[in-house]
1. How high is the FRET efficiency from Lys204 to Glu259, r the C-beta distance, R0 25 Å, rounded to 0.05?
2. So how do 196-204, 210-218 stack up, highest first, on mean other-Cβ count within 10 Å?
3. Would you give the gap between the C-alpha center of the range 164-241 and the C-alpha center of the range 246-312, rounded to a whole Å?
4. Mind checking which of Phe158, Phe119, Phe47 has the largest fluctuation in a GNM of the chain, springs on alpha carbons under 10 Å?
5. Of the residues Val30, Val84, Val142, which exhibits the maximal mean-square fluctuation in a Gaussian network model of the chain defined by a 10 Å Cα contact cut-off?
6. Treating cross-link reach as a plain straight distance, find the lysines whose alpha-carbon is under 24 Å from the alpha-carbon of Lys251, omitting any fewer than eight places away in the same chain.
7. Does the range 237-297 come out rounded, prolate or oblate by the C-alpha gyration tensor, with a ≥ b ≥ c the root eigenvalues, rounded set by a/c under 1.5 and, if not, prolate when a/b is larger than b/c and oblate if not?
8. Please give me, ordered by residue number, the GluC sites (Glu not before Pro) of the range 221-312 that lie in loop per DSSP and have at most 15 other Cβ atoms within 10 Å.
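FYI, it's all coordinate maths here, none of it is from the lab. Note that the structure is predicted; figures quoted are calculated from it, not measured. No Cβ is skipped: glycine too gets one built from the backbone with ideal geometry, and neighbour counts run over all protein chains shown.
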Amino acid sequence: MRKILVTGALGQIGSELVGKLRKTYGKDNVIGADIREVEGIRDAGPFEIADVTNGDRLMEVAKEHKVDTIMHLAALLSAKAEVVPKIAWDINMGGLVNALEVAHELNLQFFTPSSIGAFGPSTPKDNTPQDTLQRPNTMYGVNKVAGELLADYYHHRFGVDTRGVRFPGLISYVTPPGGGTTDYAVEIYYEAIKNKAYSSYIGKGTYMDMMYMPDALNAIVDLMEADPAKLKHRNAFNISAISAAPEDFEKAIKKHIPEFELTYNVDPVRQNIADSWPNSIDSSAAKSEWGFKAEYDIDKMTKDMLEKIREK
Ligand code: AKB
């Protein structure tokens, strides 16, 4: 049985991943860690306060709980990182190297997500290959490319079992994202139900990759359980389920809420970031090396999102 430490446990991915892992591996075998605490969090299972920029604290928590796996999720997202680039560097890179050091010293299996943000304006835009040009022009992108390389380095230099995916924009009804460029694709559902209207900060015709959270969580577990002998890549598998622009969400939502109205009020900062990212990425390496598959297309996801938000 695994014993897993999850950093960023209260974030968009962490708050759902911890629950899924506890169902799979047992409640006491998954330790959530975050920089803050919320009421009742310790009733659900083990939880520790830990700032990932403090390597000693991370080591202490990992040793105390005798974990064999670390899933390092704590990070600032793309739009927020443009507002505070130096802080983003400290958290995204400082936290990552600390988590990798813990994995190295304690011989832990390691997961951290990269992102479509690791690509830049000179990357091929359509069906973006697994191995291609990566010259991002955002702090988040610089962090993600450096992170992919660093995790590869810890694998080939020290033999750490590092693994990771390039996540697209993740859509979920549980914990809202904060500070991302793809956040509009979550907000649009809440506003569709509340106001039957949404004003998008991303312009018409701007395609980006997206994925529903259940597919993202399955991808993490499947990759971590994959036979290492089959992995040619390790830390930056392209994975995607949906390539969509705001008007595609509008069309899908209108099937359930015909009066829904989409307008545009483009935010130049987030639009610039979106324009530097691919329209669609090629997930074939993830499919062939560890069997990645996504269950949700935009219509299936939209139906579920609207139902679940209404139930809330
Ligand atoms: C963001 O928009 O910053 C994230 C991502 C695609 O990495 N959702």
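1. 0.80
2. The packing order, highest mean first, is 210-218, 196-204.
3. Value for the Cα centre distance between the two parts: 8 Å.
4. It is Phe158.
5. Of Val30, Val84, Val142, the most mobile in the Gaussian network model is Val84.
6. Excluding near neighbours in sequence, the set is Lys125, Lys194, Lys196, Lys204, Lys300, Lys303, Lys308, Lys312.
7. oblate
8. On the way: sites: Glu225, Glu247, Glu250, Glu259, Glu261, Glu289, Glu295, Glu307, Glu311; in loops: Glu259, Glu295.
Within the range 221-312, the qualifying GluC sites (Glu not before Pro) (loop, at most 15 other Cβ atoms within 10 Å) are Glu259, Glu295.
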